[in-house]
Amino acid sequence: MDRDRDHDFASGPLAAASGTATGAQLDGTGDPLSDVLEAVRLTGALFFTVEAAPPWTAEAPQSSKLAPVILTRGCHVVSYHIVVQGACWCRMAGMPAVRLEAGDILVIPHGDGYGLYSGPDQSAPLPVEALLDWFRQMASGDLPSVVTEGGEGAPTLHVVCGFLGCDALPFNPVLTALPRLLRIRPSQDRPETLGPLIDLIVAESRHRRAGRRSVLLRIGELLFVEVVRMHLATMDSEGRGWLAGLRDATVGHALALMHRELQRKWTLDDLAHAAGTSRSVLAERFSHFVGETPMRYLAKWRLQRAAVLLLDGGAKVASVAQAVGYESEAAFSRAFKKETGAAPSEWRRDRGGSPPRRQPSGHG
């Protein structure tokens, strides 16, 4: 028996179970980064600006507590901050304090609790419930979007603060590949698109034009994508992780193939041949960069695609199973429950997804 073959997968063209296309379906090229960013359902959740005079503190609780407060649906919060004017310090448990200066972009991708402070040793923590109540009021629109903090002097700090929601489960390789704290400095070689995005965020945050909130939330999504792409482009050549794998010719080709032909009955031999390398080289390089075997990655990615179809499409579980390459609904349900802890129908119901559509009865 070929240990690399998964006998629960079917072959053939990807079924259109819900009308929701992957990035590979849209352009036919196999773009794993676009696929993942679409599948994890990144969406703007909250936006405000802080103008502060020392001494001041601004804190955010961990994602598991903050997400239910600011997200209507979603299980994870990614935050970003742009220092427009002045300087501040970021502190996070288990890490040294980081000084942020004008032009810096800070991204907290893993949902850690953290704080921004006027000094490296500044501390005036609020109880978690008080923090959550503040975020709840901000999300409901009961607080002004320009927050004034600190002493009575003129503000010396202007920070743009954005919070994005996304699905972390069952599989989010982008988040797992990012550091706990990602800092982008002005001195780094930034893409041409990043500067105009920041300028637009700053301009929109200072003017109360119609549609301002929607514009800011959408720009926040684009900003996160640009930061991820910049991190990918500037990673150390010795780096590891899913993003580093995209940069490797062999692993990146294999990832694109799996994303483009999700339903194909892949084996390690087939994948290596299609990627133009040997089975042993692919296995070694894939594990080195991604941290797991190609077949394990493929299984997890199929479940992530299934999660999107379950939430968005209103398709029956059997149709979703077929769309992501499983030969039987039972095999798919077992794999999905093992990964997420819930059966597909339960997982969809608990997250408020679309119920299965009824089939036409044929009666007028």
How do the pairs read when you match residues in the stretch 114-137 that are in contact (Cβ under 8 Å) with a residue 24 or more places away in the chain with residues anywhere that are among the hydrophobic types (A, V, I, L, M, F, W, C) and in a loop (DSSP other than H, G, I, E, B), using Cβ under 7 Å and keeping only pairs 6 or more apart or on different chains?
-> 118/56; 120/97
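Looking at 243, 262, can you tell me which residue is assigned to a loop (DSSP other than H, G, I, E, B), in contact with a Leu (Cβ under 7 Å, 6 or more places away or on another chain) and either closer than 23 Å to residue 171 by Cβ or assigned by TED's automatic domain parsing to the domain that holds residue 46 (or both)? Talk me through it step by step, then tell me what you get.
Numbers: 243 fails: assigned to a loop (DSSP other than H, G, I, E, B).
Unique residue meeting the criteria: 262.
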Just name the residue that is nearest to the chain's Cα centre (by Cα) out of those in the stretch 320-334 that are without any contact (Cβ under 8 Å) to a residue 40 or more places away in the chain and more than 16 Å from residue 309 (Cα to Cα).
-> 334
Residue 94: closer than 23 Å to residue 145 by Cα, outside any helix (DSSP H, G or I), at pLDDT below 95 and not assigned by TED's automatic domain parsing to the domain that holds residue 308, yes or no?
-> no
Identify, by number, the condition in (1) over 30 Å from residue 311 (Cα atoms); (2) surrounded by fewer than 16 Cβ atoms within 10 Å (Cβ to Cβ) that residue 190 doesn't meet.
-> (2)
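Would a scan of the stretch 101-119 turn up a residue that is over 24 Å from residue 156 (Cα atoms) and crowded, with 20+ Cβ neighbours inside 10 Å?
Filtering the stretch 101-119 down to residues over 24 Å from residue 156 (Cα atoms) leaves 109-113.
In the following step, the residues that additionally are crowded, with 20+ Cβ neighbours inside 10 Å were identified as 109, 111.
Yes.
The values are calculated or read from the model by the stated rules, or taken from the named source; none is laboratory data. The structure presented is a predicted model; accordingly, all values stated were derived computationally and were not measured. Quick reminder, even Gly has a Cβ in these numbers, built from the backbone with ideal geometry, and neighbours come from all protein chains shown.
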